[in-house]
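Okay, so here's the structure we're looking at.
The values are calculated or read from the model by the stated rules, or taken from the named source; none is laboratory data. Being a predicted model, the structure only gives us computed values, none of them experimental. Here the Cβ positions follow ideal geometry from the backbone for every residue, glycine too, while neighbour counts run over all protein chains shown.
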Amino acid sequence: MPAHTDGLRHDWTKEEVEALIALPFPELMFRAQETHRQHFDPTKVQISTLLSIKTGGCPEDCAYCPQSARHGNGVKAERLMAVEAVMKEARAAKAAGAGRFCMGAAWRSPKERDMEQVCAMIEGVKSLGLETCVTLGMLDSDQTSRLKEAGLDYYNHNLDTSEEFYGAIITTRSYQERLDTLANVRDAGINVCCGGIVGMGEDLSDRASLLMTLANLPKHPESVPINLLVRVEGTPLSTAEEVDPITFIRIIAAARIMMPKSHVRLAAGRENMTDEAHALAFLAGANSIFCGEKLLTTPNPAEHRDRQLLSTLGMTPMVQHESEMGSKRPAVPEHATAEHNCSKQVEAVS
Ligand code: SF4
């Protein structure tokens, strides 16, 4: 197989990816597991803790999102949280064992006054010894440099779907603008968190195209959130056709095979997934979850359910040093990983 200088492939064709997704299920799962075990301990799951620092009233028109001000009964707009209020949440997360604290804002892009406040949040959270992640919408190179200076470790900005299908989902920002933001994030030396959503009416070709675009980026995103659409009443996608779990698991497995060293995250949509579907997703190579009873506005499994699920599966949360990209480390003592925190979450869908 052709390889890039990082030893990973960045030259996938859509036909190849379609064929990969459509492999006989046992073959696809075997290949995904093989890949996963080369780079990660398959018993470990990274737990992501997020806080919505600015909810609702977003000017963008993402058809899946209840935070868009353009959808009839969208979420009520709130102001950007005060720095101290964010610090209180971050301290609580740290006390409960969180290693990374992610903050999401429903913006097209941050304004100057917002940047100052968000940078103060990043500096504060960082000073607690937590990794930092934000999702703020589109960024220019000046903004990414400032976030980097403030200590930002990760930036989330999803492609959502294929370039071909994108116009059916979002009209207020272009696919290229998303790619430009991702390039600015990379250029600033910030880790990239970027994935998409399954179940918005896209077909196999679109799913293959999304994965191809992600894997063919100059560097694979360190985190690849794969969301299952949460059909929220009042949004244009509230009646989208449901995707069966096996179809969803196939996308997880293909993502794992194509981006072997990335954390593939089971993001939105877990609330309605059975324990068995979760188990299959982990077997397919998912090794990160959002945890907490609420995403931005949609439900997520309760913390106790996740803890019970991991316990049933004999899996444990990753500790911070294990959450580096593609890091396969020796197992750490059980007692060191058994505690984890789940606090208020946001969908990583900006
Ligand atoms: S997904 Fe993000 S950018 Fe799109 S409407 Fe929702 S908050 Fe705004």
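Go through the stretch 133-152 and give me each residue that's under 17 Å from VAL86 (Cα atoms) and of a type outside the set (S, T, N, Q). Steps first, answer last, please.
As a first pass, look at the stretch 133-152 and keep what is under 17 Å from VAL86 (Cα atoms): 133-136, 147, 150-152.
Of everything in the stretch 133-152, those that are under 17 Å from VAL86 (Cα atoms) and of a type outside the set (S, T, N, Q) turn out to be CYS133, VAL134, LEU136, LEU147, ALA150, GLY151, LEU152.
Total residues in the stretch 201-220 satisfying the condition of being touching a residue at least 60 places away in the same chain (Cβ under 8 Å), crowded, with 24+ Cβ neighbours inside 10 Å and not in a helix (DSSP H, G or I): the figure is 1.
Being of a type outside the set (A, V, I, L, M, F, W, C), in contact (Cβ under 8 Å) with a residue 24 or more places away in the chain and surrounded by 17 or more Cβ atoms within 10 Å (Cβ to Cβ) is the requirement here; does ASP41 meet it?
Yes; evaluated as a whole, the condition is true for this residue.
Please go through (1) at pLDDT below 95; (2) in contact with a Leu (Cβ under 6 Å, 6 or more places away or on another chain); (3) under 21 Å from HIS157 (Cα atoms) for GLU89 and return the number of the only condition it doesn't satisfy. In the conditions (1) at pLDDT below 95; (2) in contact with a Leu (Cβ under 6 Å, 6 or more places away or on another chain); (3) under 21 Å from HIS157 (Cα atoms), GLU89 misses (3) alone.
Give the residue, chosen from SER223, SER238, that is in contact (Cβ under 8 Å) with a residue 60 or more places away in the chain and not hydrophobic (A, V, I, L, M, F, W, C).
None of the other options fit; the residue is SER223.
Please return the ranges of helices (runs of 4 or more DSSP H) entirely within the stretch 107-180 where 1 or more residues are more than 28 Å from PRO236 (Cα to Cα), under 20 Å from the mean Cα position of the chain (by Cα) and modelled with pLDDT of 95 or more.
Values: elements: 112-127, 141-150, 163-166.
In the stretch 107-180, the matching helices (runs of 4 or more DSSP H) lie at 112-127, 141-150.
Taken over the stretch 75-105, the residue count meeting the criterion of being outside any loop (DSSP other than H, G, I, E, B) and closer than 21 Å to MET138 by Cα is 5. Scanning the stretch 111-136 for residues that are buried (at least 21 other Cβ atoms within 10 Å of the Cβ) and closer than 25 Å to GLN176 by Cβ yields VAL118, CYS133, VAL134, THR135, LEU136. Of the residues contained in the stretch 51-58, one or more are found to be surrounded by fewer than 20 Cβ atoms within 10 Å (Cβ to Cβ), under 30 Å from ALA69 (Cα atoms) and modelled with pLDDT under 95. Restricted to the stretch 136-169, and to residues there that are in contact with an Asp or Glu (Cβ under 9 Å, 6 or more places away or on another chain) and of a type in the set (Ser, Thr, Tyr), the residue that is farthest from the ligand (Cβ to nearest atom) is SER145.
Here's a check for you: in the stretch 170-192, which residue that is within 14 Å of the ligand (Cβ to nearest atom) and closer than 20 Å to LEU136 by Cβ is surrounded by the most Cβ atoms within 10 Å (Cβ to Cβ)? Checked the stretch 170-192; the qualifying residue surrounded by the most Cβ atoms within 10 Å (Cβ to Cβ) is THR181. Residue pairs whose Cβ atoms lie under 8 Å apart, sitting 6 or more positions apart in sequence or on different chains, and linking a residue in the stretch 104-118 that is touching a residue at least 12 places away in the same chain (Cβ under 8 Å) and farther than 15 Å from THR144 by Cβ to a partner that is away from the ligand (no atom under 16 Å from the Cβ) and of a type in the set (A, V, I, L, M), are GLN117/VAL83.
Looking at ARG207, ARG178, ARG250, ARG256, which is the one that is out of contact with any helix residue (DSSP H, G or I) (no Cβ under 7 Å at 6 or more places or on another chain) and not aliphatic (A, V, I, L, M)? Steps first, answer last, please.
Numbers: ARG207 fails: out of contact with any helix residue (DSSP H, G or I) (no Cβ under 7 Å at 6 or more places or on another chain); ARG250 fails: out of contact with any helix residue (DSSP H, G or I) (no Cβ under 7 Å at 6 or more places or on another chain); ARG256 fails: out of contact with any helix residue (DSSP H, G or I) (no Cβ under 7 Å at 6 or more places or on another chain).
Every option except ARG178 fails the conditions.
Pairing residues of the stretch 52-80 that are free of Cβ contacts under 8 Å to residues at least 40 places away in the same chain with residues that are more than 7 Å from the ligand (Cβ to nearest atom) and among the basic types (Lys, Arg), at Cβ distances under 8 Å and at least 6 apart in sequence or on separate chains, gives GLU78/LYS54; ARG79/LYS54; LEU80/LYS54. Listed by first and then second residue, the pairs linking a residue in the stretch 152-179 that is in contact (Cβ under 8 Å) with a residue 60 or more places away in the chain and of a type in the set (A, V, I, L, M, F, W, C) to a residue that is in a loop (DSSP other than H, G, I, E, B) and within 10 Å of the ligand (Cβ to nearest atom), with Cβ atoms under 8 Å apart and 6 or more places separating them unless they lie on different chains, are ALA168/ALA63; ILE169/CYS62; ILE169/ALA63; ILE169/TYR64; ILE170/GLU60; ILE170/ASP61; ILE170/CYS62; ILE170/ALA63.
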